[in-house]
1. Take the Cα coordinates of the range 202-306, assign each an equal point scatterer, and use the Debye formula without solvent to give log10 I(q)/I(0) at q = 0.20 Å⁻¹.
2. For S285 and S157, what is the calculated FRET efficiency with R₀ set at 45 Å and r taken between the beta-carbons, to the nearest 0.05?
3. Taking a ≥ b ≥ c as the square roots of the eigenvalues of the Cα gyration tensor of the range 24-186, is the shape rounded (a/c under 1.5), prolate (a/b larger than b/c) or oblate?
4. Suppose R0 equals 25 Å. What FRET efficiency, 1/(1 + (r/R0)^6) with r the Cβ-Cβ distance, do E184 and F43 give to the nearest 0.05?
5. Let me check I've understood the local charge: for V247, count other residues with C-beta under 13 angstrom from its C-beta, Lys and Arg +1, Asp and Glu -1. What total comes out?
6. Would you mind classifying the range 69-157 by shape? Square roots of the alpha carbon gyration tensor eigenvalues, ordered a ≥ b ≥ c; an a/c under 1.5 is rounded, otherwise it is prolate if a/b is larger than b/c and oblate if not.
7. Mind sorting H250, H212, H92 by how few other Cβ atoms lie within 10 Å of their own Cβ, fewest first?
Amino acid sequence: MSEISQAVPPAKPREKAVAPVPRPDRRFYAQTAAFGRLGVRWFEPQVMPTEHFHGHIELNWLTSGSMDYVFDGSPVSIPSARLIMFWAGIPHQTIALDKGPNQDSRQCNVYLPLDSFLHMPNLGRLTETMMGGGVVALSPETIGADTLRRWYQDYRSGDAERTDILKAEIAIMLRRAAVTGWDELMTPWIESPGPSTRAATPLRYVVAMLRHILENLSEPLQAADVAKVVGLHPNYALNLFTEVMHVPMHKFVVRMRLIRARSLLFEGNLSIENVAFQSGFTALSQFYVQFRNAYGLTPRQMRAHYLR
């Protein structure tokens, strides 16, 4: 054996790649079907055999052609090359499809969890429009197909940092849309009933309760107080809320408080105790239990993990 060959060190065994750690959010959104996880899909558009609903704000993009939807019985025509936005908790169905002159239309859907959307600040009338049942087409300059394809790659990467950037970009895009405006394809129709309202659809009652909850999230919230806003008996209000939202009111309140707490944790300025109380938790022990059950980490562990 030559001196050169003797000098070559033996090859090291290939190290096994470290398995990625599942994101705490997966556990958070797996607890109930009322709130879906973030999702991005590119696919061939299709007519839907039946209507459905789910816990997202949905955004649709067609590369060419058009689609005809029905939202709770009302028809809406969806154009191409515009980002369409609606609350998917309202029953909806694609009933007709034009794939364009070359029959090569592709569709991108972005599924934004409803609770994440409701927590986004500075959206103003856009939030009101979504929760009012409106369907809108965002301005053409708001976003393009190239950005949607990059979002899809970020989503499919499985990388936690890229997913967080994706969420931040969606929030910024919606904030820009709230400023630049949109075209209404379907006017909001879910009005807020008051205690004097004699009759209203379940959606109207529930949207009014949702608004009250979100405006008073840091305060003690009793079912009787929320029901009083719409003039309903507490038991009936609770059942109505569960029927429409597919999650009990108590769980919805806890969910929104946890999202607020998670956001406050990342700001890094407040103590854990102040994060709990500003999020509406009256007992620190309850906050720790609820937070760990939802995210699989304690508040301190999550802050240390994301702010290291």
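1. The Cα Debye sum returns log10 ratios of -0.95.
2. Numbers: r = 38 Å, r/R0 = 0.84.
Efficiency for this residue pair is about 0.75.
3. rounded
4. Working: r = 26 Å, r/R0 = 1.06.
Working from the Cβ atoms, E equals 0.40.
5. Once positives and negatives cancel, what remains is 0.
6. Numbers: a/c = 1.78, a/b = 1.13, b/c = 1.57.
Judged from the Cα gyration tensor, the range 69-157 comes out oblate (a/c at least 1.5, b/c at or above a/b).
7. Working: H250 13, H212 18, H92 22.
So the residues, fewest neighbours to most, are H250, H212, H92.
Just so you know, all these numbers are worked out from the coordinates, no wet-lab data involved. What you see is a predicted model, and the numbers here were worked out from it, not measured in a lab. With ideal geometry, Cβ positions are generated from the backbone for all residues, glycine too; neighbour counts draw on all protein chains shown.
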